[in-house]
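The values are calculated or read from the model by the stated rules, or taken from the named source; none is laboratory data. Values in this document were obtained by computation on a predicted structure and should not be read as measured data. Positions of Cβ are generated from backbone atoms using ideal geometry, with glycine treated the same way; all protein chains shown enter the neighbour counts. Just the protein is used for accessible areas: all its heavy atoms, side chains included, with ligands, DNA and RNA removed. Shrake-Rupley method; radii C 1.70, N 1.55, O 1.52, S 1.80 Å.
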Amino acid sequence: MIRLTAMGDVAMTAPIITDLCNQYPDEHFVLLTTPLFSAFYPELPNLEILDINVKKQYSNPTKLWALAGILNKQYHFKAVIDLHDVLRTKLLRSFLQLRSGYKTKITYIDKGRAEKRELVNPEKGKKQLKPMTDRYIETLRKANKPINETKSKRNIMPIPQAEGIPSGKNGKRWIGIAPFAQHQGKVYPLSKMQEVVRLLAQNDSTELFIFGGGEKEKSIAKEWTAIGGNVHNAIGIMKLKEELALISNLDVMVSMDSSAMHMASLFGVRTVSIWGATHPYAGFLGYGQKIEDVVQREDMKCRPCSIFGNKPCSRGDFACMDIKPEVIVSRIG
């Protein structure tokens, strides 16, 4: 199986692949993914994870052909399931089939690209598209590996020992705040999110944890810790596996349409998600999350203008994120 990026998309495969491995215990599965993301998957006796940085180590067709030779010699795959379907994975799956003398069966995901183009067309009607997790399950079915969804969640993990992180919950409500995203169209204005944090921090029975990645984000999180002693920075102080352990202990996560939502979903943590340029209709709502916990403006015909939030705002003002902090606090409950 192949799913290289992005972080949130890889996380969405974890519960599906877990069900697959549990329901086919006599099969040996190999997952090719990006280093770091192996932390999303539980240790399973019949799942082997190859965390190879394909983009850096095998950056052209010649190198991908060599990788296919290495993998084919080591594993002699009966089947390859491409859960990514981009140029790099298309080449690799084709090379694996060629290397096997066409003995390897190839199955790949239908991402519904045409439907998604219609979704962002303001002249077309808006409708809920198939969730990505359903597309993963559909791909497994085409590969003669149908599964029954268990929607099982991982257990709460021990709280990691890290600077500024409480060692126990002590009866308090733990709320995660993940205010960052890769693209501006998916980011709630930080000044407003800071107000959300301030309002939540007024409750002494609440502990708040700021999640994200990058030095700039870490600096912002540290500034926000000055709001109160119950606001904690969780950026850059632990490894991803430890960060997941901390997330598993949350009572609720507040996030953008971002990887934090999907990481929280691995543990069944309720997530209040904020959507701007993108829309849950595209199928990227966290696995098991409820549409009632989505915060978004329903009164803007230009939404969604982008599937991934990577397009400039046609209005220039990102009015889709003009949502009062009190609305978000109210939705958290």
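So how many residues does segment 114-135 have that are part of a helix (DSSP H, G or I) and touching a residue at least 24 places away in the same chain (Cβ under 8 Å)?
Total satisfying the criteria: 6.
If you take the residues in segment 155-186 that are among the charged types (D, E, K, R) and open to solvent by less than 60 Å² (accessible area, probe 1.4 Å), which one is farthest from the chain's Cα centre (by Cα)? Quick ask: steps written out before the conclusion?
Step one: list which residues in segment 155-186 are among the charged types (D, E, K, R), which gives 163, 169, 172-173, 186.
Going one step further and asking which of them are open to solvent by less than 60 Å² (accessible area, probe 1.4 Å), we end up with 169, 186.
Details: Lys169: 26, Lys186: 14 Å.
If we take residues in segment 155-186 being among the charged types (D, E, K, R) and open to solvent by less than 60 Å² (accessible area, probe 1.4 Å), then Lys169 is farthest from the chain's Cα centre (by Cα).
So for segment 188-205 (the condition being touching a residue at least 12 places away in the same chain (Cβ under 8 Å), outside any helix (DSSP H, G or I) and among the β-branched types (Val, Ile, Thr)), does at least one residue qualify?
no
Just to be sure I understand the filter: pairs with C-beta atoms under 7 Å, separated by 6 or more residues or on different chains, first member in segment 30-47 and touching a residue at least 40 places away in the same chain (Cβ under 8 Å), second member small (Gly, Ala, Ser). Which pairs pass?
Phe40/Ala11; Phe40/Ala14
Does segment 106-113 contain at least one residue that is under 20 Å from the mean Cα position of the chain (by Cα) and without any contact (Cβ under 8 Å) to a residue 24 or more places away in the chain?
Yes, segment 106-113 contains a residue that is under 20 Å from the mean Cα position of the chain (by Cα) and without any contact (Cβ under 8 Å) to a residue 24 or more places away in the chain.
So how many residues does segment 305-331 have that are under 16 Å from Thr278 (Cβ atoms) and either among the hydrophobic types (A, V, I, L, M, F, W, C) or surrounded by 17 or more Cβ atoms within 10 Å (Cβ to Cβ) (or both)?
Qualifying residue count for the region: 11.
With the requirement that a residue be without any contact (Cβ under 8 Å) to a residue 40 or more places away in the chain, touching a strand residue (DSSP E or B) at 6+ places or on another chain (Cβ under 9 Å) and open to solvent by 30 Å² or more (accessible area, probe 1.4 Å), what does segment 224-248 give you?
Listed by number, the list holds a single entry, Ile227.
Considering only segment 231-293, give the strands (runs of 3 or more DSSP E) lying wholly within it that have at least 3 residues that are of a type in the set (A, V, I, L, M).
The qualifying strands (runs of 3 or more DSSP E) are 252-256.
Select from segment 206-223 the residues that are assigned to a helix (DSSP H, G or I) and either touching a His at 6+ places or on another chain (Cβ under 6 Å) or open to solvent by 20 Å² or more (accessible area, probe 1.4 Å) (or both) and list them in ascending order.
Looking only at segment 206-223, we keep the residues that are assigned to a helix (DSSP H, G or I), and these are 215-223.
Those that are assigned to a helix (DSSP H, G or I) and either touching a His at 6+ places or on another chain (Cβ under 6 Å) or open to solvent by 20 Å² or more (accessible area, probe 1.4 Å) (or both): Glu215, Lys216, Glu217, Lys218, Ser219, Ile220, Lys222, Glu223.
Restricting attention to segment 68-82, does a residue exist that is small (Gly, Ala, Ser), over 24 Å from the mean Cα position of the chain (by Cα) and in a helix (DSSP H, G or I)?
Residues of segment 68-82 small (Gly, Ala, Ser): 68-69, 79.
With over 24 Å from the mean Cα position of the chain (by Cα) added as a condition, the list becomes 68-69, 79.
Adding the requirement that they be in a helix (DSSP H, G or I) leaves 68-69.
Yes; the residues of segment 68-82 include at least one that is small (Gly, Ala, Ser), over 24 Å from the mean Cα position of the chain (by Cα) and in a helix (DSSP H, G or I).
Looking at this structure, is Lys124 open to solvent by 30 Å² or more (accessible area, probe 1.4 Å), over 24 Å from the mean Cα position of the chain (by Cα) and farther than 30 Å from Thr206 by Cα? Can you show your working first?
Working: open to solvent by 30 Å² or more (accessible area, probe 1.4 Å): yes; over 24 Å from the mean Cα position of the chain (by Cα): yes; farther than 30 Å from Thr206 by Cα: yes.
The answer is yes for Lys124.
Name every residue in segment 190-211 that is within 21 Å of Ser306 (Cβ to Cβ) and either among the basic types (Lys, Arg) or in contact with a Phe, Trp or Tyr (Cβ under 8 Å, 6 or more places away or on another chain) (or both), in order of residue number.
Step one: of segment 190-211, the residues within 21 Å of Ser306 (Cβ to Cβ) are 190, 192-193.
Answer for segment 190-211, where residues must be within 21 Å of Ser306 (Cβ to Cβ) and either among the basic types (Lys, Arg) or in contact with a Phe, Trp or Tyr (Cβ under 8 Å, 6 or more places away or on another chain) (or both): just Lys192.
Restricting segment 83-105 to residues that are within 17 Å of Lys142 (Cβ to Cβ), among the basic types (Lys, Arg) and within 26 Å of the chain's Cα centre (by Cα), which is most open to solvent (accessible area, probe 1.4 Å)?
Applying the filter and picking the extreme gives Lys90.
Could you check how many residues of segment 294-304 are part of a loop (DSSP other than H, G, I, E, B), open to solvent by less than 80 Å² (accessible area, probe 1.4 Å) and either in contact (Cβ under 8 Å) with a residue 24 or more places away in the chain or closer than 20 Å to Asp251 by Cβ (or both)?
Of segment 294-304, the ones part of a loop (DSSP other than H, G, I, E, B) are 296-304.
With the extra rule that they be open to solvent by less than 80 Å² (accessible area, probe 1.4 Å), the set shrinks to 296-297, 300, 302-304.
Filter once more, keeping what is either in contact (Cβ under 8 Å) with a residue 24 or more places away in the chain or closer than 20 Å to Asp251 by Cβ (or both): 296-297, 302-304.
Summing the residues that are part of a loop (DSSP other than H, G, I, E, B), open to solvent by less than 80 Å² (accessible area, probe 1.4 Å) and either in contact (Cβ under 8 Å) with a residue 24 or more places away in the chain or closer than 20 Å to Asp251 by Cβ (or both) in segment 294-304 gives 5.
What do you reckon, is Ile177 within 26 Å of Cys320 (Cβ to Cβ), among the aliphatic types (A, V, I, L, M) and either part of a strand (DSSP E or B) or touching a helix residue (DSSP H, G or I) at 6+ places or on another chain (Cβ under 9 Å) (or both)? Before you say what the answer is, go through the steps one by one.
Values: within 26 Å of Cys320 (Cβ to Cβ): yes; among the aliphatic types (A, V, I, L, M): yes; either part of a strand (DSSP E or B) or touching a helix residue (DSSP H, G or I) at 6+ places or on another chain (Cβ under 9 Å) (or both): yes.
When the stated conditions are applied, Ile177 passes them.
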